[in-house]
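**Student:** Once you've had a glance at the structure underneath, I'll fire off some questions.
Values quoted throughout were computed directly from the atomic coordinates according to the rules given, and no laboratory measurement underlies them. Everything numeric here is computed off the predicted structure, so don't read it as measured data. Methodologically, a virtual Cβ is constructed for each residue, glycine included, from the backbone with ideal geometry; neighbour enumeration extends over all protein chains shown.
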Amino acid sequence: MSGIAVLEPAASPSPDLGAVKARQQGAWSSGDYAVVGTTLQIVGEQLCEAMELRPGSKVLDVAAGNGNMTLAAARRWCT
């Protein structure tokens, strides 16, 4: 008898995709995302106005949000 033990990895259970989808649908249907999206777009426009961005202004998007401010800057011909 040897002193070496061989451990087999435990089989991981398959996720219940139906339950995952149900939880996702519940989360997405719990809020009024049309209002949230519109609000974020308005805030992006207001930020550009507050920063007085003009055509040719340089803007760096560091992926810290949803991109609405960057889109507002692009509409102002910023690069």
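**Student:** Which one of Gly67, Gly31, Gly18 has the biggest mean-square fluctuation once the chain is modelled by GNM with Cα springs under 10 Å?
**Tutor:** Answer for the Gaussian network model of the chain: Gly18.
**Student:** Given a cut-off of under 8 Å on Cα pairs at least six residues apart, what relative contact order in percent is computed for the chain?
**Tutor:** It rounds to 28 percent for the chain.
**Student:** Also, quick follow-up: Fewest Cβ neighbours within 10 Å first, please rank Thr39, Thr70 accordingly.
**Tutor:** Thr39, Thr70
**Student:** Would you kindly state how much longer the chain becomes between Thr79 and Val20 on full extension, computed as 0.36 nm times their sequence separation minus their alpha carbon distance, in nm to one decimal?
**Tutor:** Value of the extension gain: 17.2 nm.
**Student:** Here is a follow-up. Can you match Kirkwood radius over Cα pairs in Å to one of these, (1) 12.5; (2) 17.0; (3) 14.4, based on a calculation from the structure here?
**Tutor:** Looking at Kirkwood radius over Cα pairs in Å for this model, the match is (2).
**Student:** Using a basic spin-label model with each label point 7 Å from the Cα along Cα→Cβ, how many nm lie between Tyr33 and Ile4?
**Tutor:** 5.3
**Student:** Have a look at Asp16, Asp61, Asp32 and tell me which one the Gaussian network model of the chain (Cα, springs below 10 Å) gives the largest fluctuation.
**Tutor:** The residue that fluctuates most here is Asp16.
**Student:** In whole Hz, what ³J(HN,Hα) sequence does segment 65-75 give by Karplus (6.51, -1.76, 1.60; θ = phi - 60°), x for Gly and Pro?
**Tutor:** Ordered by residue, 3J(HN,Hα) equals x, 9, x, 5, 5, 5, 5, 5, 5, 5, 5 Hz.
**Student:** Please compute the modelled spin-label separation between Asn66 and Met51, points set 7 Å along Cα→Cβ, answer in nm with one decimal.
**Tutor:** Between Met51 and Asn66, the label points sit 1.8 nm apart.
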